[in-house]
1. What are the ³J(HN,Hα) couplings of the range A:321-327, residue after residue, when phi is run through the Karplus curve with 6.51, -1.76, 1.60 and θ = phi - 60°? Round to Hz, x for glycine and proline.
2. For the range A:10-82, state the semi-axes of the equivalent ellipsoid (square roots of 5 times the eigenvalues of the alpha-carbon gyration tensor), sorted largest first and rounded to whole angstrom.
3. What ranking of A:106, A:236 emerges when the number of other C-beta atoms within 10 Å of each C-beta is taken as an exposure proxy, fewest first?
4. Mean residue ellipticity at 222 nm from the helices of chain A, using -39,500 (n - 2.57) per DSSP H segment of n ≥ 4 over the full residue count, to the nearest 500 deg cm²/dmol?
5. So what is the relative contact order of the range A:10-82, in percent, for Cα pairs below 8 Å that sit 6 or more residues apart?
6. Evaluate 2.2 N^0.38 Å with N set to the residue count of chain B, then give the Cα radius of gyration divided by it.
7. Take A:209, A:134, A:313 and order them by how many other Cβ atoms sit within 10 Å, fewest up front.
8. Starting with the fewest neighbours, write out A:361, A:124 ranked by other beta-carbon atoms found within 10 Å of each beta-carbon.
Amino acid sequence: MYVAVKGGERAIDNAHGWLAEERRGDRAVPELTIPQIREQMTLAVNRVMAEGSLYDPDLAALAIKQARGDLIEAIFLIRAYRTTLPRLAGSRPVDTAAMAVDRRISATFKDLPGGQVLGPTFDYTHRLLDFALMAEAEPPTPLPSPRGGGEVPGAAAGQEAPPSPLVEEGWGGGPPRVPHVTGFLNRDGLIEAAPSSGATPPDLTRAPMELPADRALRLQALARGDEGFLLGLAYSTQRGYGRTHAFVGELRIGRVAVEVEIPELGFAVEIGEIELTECETVNQFKGSKTEPPQFTRGYGLVMGQSERKAIAMSLVDRALRWQDLGEDFTGAPAQDEEFVLMHCDNIQATGFLEHIKLPHYVDFQAELELVRRLRAEAETMPEAAE
Amino acid sequence: MTSPAPEARKAWIATLAKAPPGRLAELMPELPPHDLLRAPEVGAVMVRGRIGGTGAAFNLGEMTVTRCSVRLPSGPVGHAWVQGRDRAHARRAAVIDALMQTEAAPDLAARILAPLRAEAEARRAARAAKAAGTKVEFFTMVRGEDQ
């Protein structure tokens, strides 16, 4: 039985008013603008885009501002917004080999063609607080690099820039390409192939996820999954719960063009560019009845610059593949598809978790009645209990 | 009205889509008269990746996109699909796509597309050069047994 309870309206209005005030904080401090958040809190913006599953830096920045920096709340806002958008099309699969790379490293090959490019990384920083950033006026920070960094002579003036050492020209005058490390191993047959197919992938935003899920559906769920949850799961595989002996074959961050088939034109055009982080792990594999001993692969692809998430995703992807590869199920959480896929979405999780704080007066009243009755029964039958 | 080669049209549509909206508006502040066949519409495109970079496709997540179609009084129809939610950007790109099918094409190519391409290339080159500046140059230390 539900009993309608009214009377909270005024309290709710006042709570929302106060929330807006608290969001703004001390009015003596200048208000944050959306461009400031987008440009200076980029990695938070990236996380909101990835887990909100909508690439739009301005909207992600707005969501962060509105959510007072609570990233899961911001992701919630983005997820709610994206349901209002008509789906215009699906893109052609992005070509990550044609990525304009900011960063590209391999933990397996020191001298990979194109080299190890560190990019704007926190690696090798000392993790000491930089009090200079606290000063009101930011000091100029020239790049220390004697070559390449900072201003490019000639580039701004429209002259030809020096050729980048990272790329080789594509065949047929296509975009410059940065070959994948796994491609080198693939040439020798030392690693499993990843053959392409023309199949339209399943979409969990269109049809409820059904288990068992194929790898494409799992990757979609992981790509929008919670970074912290995937990090914990991936770490658990490293500590022995479904160990897969992963090496980071390659990690790359950069921009790729998004191409869409336009029905009114009858051909595909590039409609924009997005930043992605891609991780490919190379994993030990002893072979099975059908497969020779070779390396196997885990894959992570995440919107924006988010290498922790991309690495975690590729470890969890690999752990979930135990069945395809004929490995043993050891009972590890990271191998359990149902456990991983049904719990990695932070909006589903927080929705169910937080709903228990909302009124459950009637439910609880029933529990209360039950406990009272059981206690009364126990008290009236003291002898029987002995 | 000339019928453009698909490759050329593909290239200018991409240039217009990827142009910073503010810069495009600066280069083409006034739009000639045109009819809206499809008013600018904001929606989403599902971006796909490939498993392992080369394998079967999977859905990575969506991006915001705005599309628009226009017709010039003289007949040519222009289309635009641009990243983001900027309706003016989509409309401007669609009008230029239509104009590029008229005798105004050479002038627009020189006045609008060429600078946009040069600026995009300069941005790309500047970033590539910064990346190149962070390339590791390994060198081998003298090892004990060599001495």
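1. In residue order, the calculated couplings are 8, 3, 6, 4, 9, x, 8 Hz.
2. 22, 16, 8
3. Final ranking by Cβ density, sparse to dense: A:236, A:106.
4. Value at 222 nm, helices only: -10500 deg cm²/dmol.
5. Value for the range A:10-82: 28 percent.
6. 1.46
7. A:134, A:209, A:313
8. A:124, A:361
Just so you know, all these numbers are worked out from the coordinates, no wet-lab data involved. Quick caveat, the model's predicted, so the values are computed rather than measured. In this analysis, Cβ positions are derived from the backbone assuming ideal geometry, glycine residues included, and neighbour counts consider all displayed protein chains.
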